[in-house]
Every structure is written in C-alpha cells, then in structure tokens.
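Peer 1: Take this structure first; my questions come after.
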Amino acid sequence: MFIPIGSIVNFFAVLIGSLIGLNFGKLINKKVQRIIFKLIGIFTLYIGLKMLLNFDNLPIILVSLIIGYLFGEIIDLDSIIKFYLNKIKVNNHEDISDGLIKSFILFCIGSMTFIGSIEEGLNNNKTIIYTKSLMDGISSIILSSSMGKGVLISCFPLVIFQSILTYLAYFFGPNIDLNLINEISSLGGIIILITGINILGFANLNIINFLPSMIFIIPLYLSFHL
C-alpha cells in the first residue's frame, strides 16, 4: 500500500514548528519578530519571482490569473471561505482564519509542493518534500508566534492537499505533462508574490480569490496544446 510519507513528514514539521512558536514565541522580542516576519515576506517575494521566471507561456498564465480572479470575485470566494473559517474561534475573540489562509498558501502554493509531491508519487523520491518540510517547519515557528493558531491548523489542509497531489501522481503520473506542472508552478509564483506583498504590509489583496486560476489554467493549457 502506497503511503505519502513526504506529506506526513511535512505535516509534523509544521505541527511541531507551530507548537514551538505558540509556546515559546513570546520569548522572542516583538521587534525581532517583526523583523523576522518582514524577512519571511521578502523571502516569499524571492521565491515567487524565482518560480515566475520558469514560465513557458506567459499569456496562458496571465489569462488564467485574470479569469480565475474574476471568478473568485464574482462568487466572492474570499468571503465565503472566511465566513466558515471565522466560525472557529479561540476564547470567542481570536480569529485564526487570516493565519490559516496565509500560511496554507505560503506552504502549499509553490513549485516544491507540486513537483515534490509528484516526484514522490512517480519515483518515490522524497528529497524535495523533505527539504520543503524543513523550510516550512522553520517558517511555522515564526509565523505561529505572530499569526497564532491558524498556522498550526494549516497543517491539516496541507497534508490533505499534498497527499492528493501525490496519489494523483502515483496513479496517473505517466499521463501528466511536466510542462503543465511548470505553468501551474509559475502561476503559483504570482500568487506567492501577492502573498509576500500582503505579508510586508504593502497591500491587502484577497489572495483566496486568485486560487481558482490554478484550476482554470489546466483547460486553457490543454486547449493551446491540442
């Protein structure tokens, strides 16, 4: 029986990192926390730019981004998700949805998530996912100390999302077009850039409303390559 070990390791990395951040984060000076948090934002921008530069077909990426965002705006996806996430409260006053959303996007929308999960599913190679787990674990310490329990909870959708990708690669891997994966990762790079901009406080864009573009890019790519 195939088990996505890499995703499970990633789950525990974020879980343990978040617990450390929640319990000992207060020992870190607030000024230091803000500086480290800004550095994470800058690093996020770097990751996004690096991912974006791997694109092969920019028009497909831009059209997918526009259509996906318009779809997200029309159905008000951001408000729908936040409505349900905001039902989860701690002591009736701590809203965890912002930390959950931002950390989930940071952990899961990236080339290492897609390529790492697929590589494990195709070749049982966990190197990329293990490297990502280390990065996520370190990031979760700082993120949870600043953004709260939402970061810890994000490890649950993380393991589900990555496991689904791994199982899809395991069962349907021989038919996956790696160029499509590159385009999806490049699109993810743009969303990562937006996340970094939000983390740095330069904007307050509805990141969630961009996520449908990750779905729309698939039929668009296929229509251009028939």
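Peer 1: Taking the stated definitions as given, is residue 166 under 19 Å from residue 117 (Cβ atoms) and among the β-branched types (Val, Ile, Thr)?
Peer 2: Yes.
Peer 1: Turning to a different aspect of this structure: Among the listed residues 3, 20, identify the single one that is under 21 Å from residue 156 (Cβ atoms) and not in a helix (DSSP H, G or I).
Peer 2: Going through 3, 20 in turn, just one is under 21 Å from residue 156 (Cβ atoms) and not in a helix (DSSP H, G or I): 3.
Peer 1: Taking residue 69 as the residue in question, decide whether it is out of contact with any His (no Cβ under 9 Å at 6 or more places or on another chain) and surrounded by 19 or more Cβ atoms within 10 Å (Cβ to Cβ).
Peer 2: So residue 69 fits the description; yes.
Peer 1: Scan segment 149-168 and tell me whether some residue there is exposed (fewer than 15 other Cβ atoms within 10 Å of the Cβ), in a loop (DSSP other than H, G, I, E, B) and touching a helix residue (DSSP H, G or I) at 6+ places or on another chain (Cβ under 7 Å).
Peer 2: No: segment 149-168 contains no residue that is exposed (fewer than 15 other Cβ atoms within 10 Å of the Cβ), in a loop (DSSP other than H, G, I, E, B) and touching a helix residue (DSSP H, G or I) at 6+ places or on another chain (Cβ under 7 Å).
Peer 1: Still on this model: With (1) within 23 Å of residue 215 (Cβ to Cβ); (2) crowded, with 19+ Cβ neighbours inside 10 Å; (3) of a type outside the set (Ser, Thr, Tyr) as the list, and residue 57 as the residue in question, which single condition is left unmet?
Peer 2: (2)
Peer 1: While we're looking at this one, here's another question. Within segment 103-159, work out how many residues are of a type in the set (A, V, I, L, M, F, W, C) and within 22 Å of residue 171 (Cβ to Cβ). Steps first, please.
Peer 2: First pass over segment 103-159, keeping only residues of a type in the set (A, V, I, L, M, F, W, C): 104-109, 112, 114-115, 118, 122, 128-129, 134-135, 138, 141-143, 147, 151-153, 155-156, 158-159.
From what's left, within 22 Å of residue 171 (Cβ to Cβ): 108, 112, 114-115, 118, 122, 128-129, 158-159.
Qualifying residue count, segment 103-159: 10.
Peer 1: Among the candidates 190, 118, 138, which residue alone is under 25 Å from residue 77 (Cβ atoms) and in a helix (DSSP H, G or I)?
Peer 2: 190
Peer 1: If we scan segment 81-90, do we find a residue that is modelled with pLDDT of 85 or more, of a type outside the set (Asp, Glu) and either farther than 26 Å from residue 23 by Cβ or in a helix (DSSP H, G or I) (or both)? Working first, answer last.
Peer 2: Going residue by residue through segment 81-90, those that are modelled with pLDDT of 85 or more are none.
Taking every residue of segment 81-90 in turn, none turns out to be modelled with pLDDT of 85 or more, of a type outside the set (Asp, Glu) and either farther than 26 Å from residue 23 by Cβ or in a helix (DSSP H, G or I) (or both).
Peer 1: Among the residues of segment 26-46, is there at least one that is modelled with pLDDT of 85 or more and within 15 Å of the chain's Cα centre (by Cα)? Lay out the reasoning, then the answer.
Peer 2: Our first condition is that a residue be modelled with pLDDT of 85 or more; within segment 26-46, this holds for 42, 45.
Still in the running and within 15 Å of the chain's Cα centre (by Cα): 45.
Checking segment 26-46: at least one residue is modelled with pLDDT of 85 or more and within 15 Å of the chain's Cα centre (by Cα).
The values are calculated or read from the model by the stated rules, or taken from the named source; none is laboratory data. From a predicted model like this one, the values you see are computed outputs, not experimental measurements. Note that each Cβ is placed from the backbone with ideal geometry, even for glycine, and that neighbours are counted across all protein chains shown.
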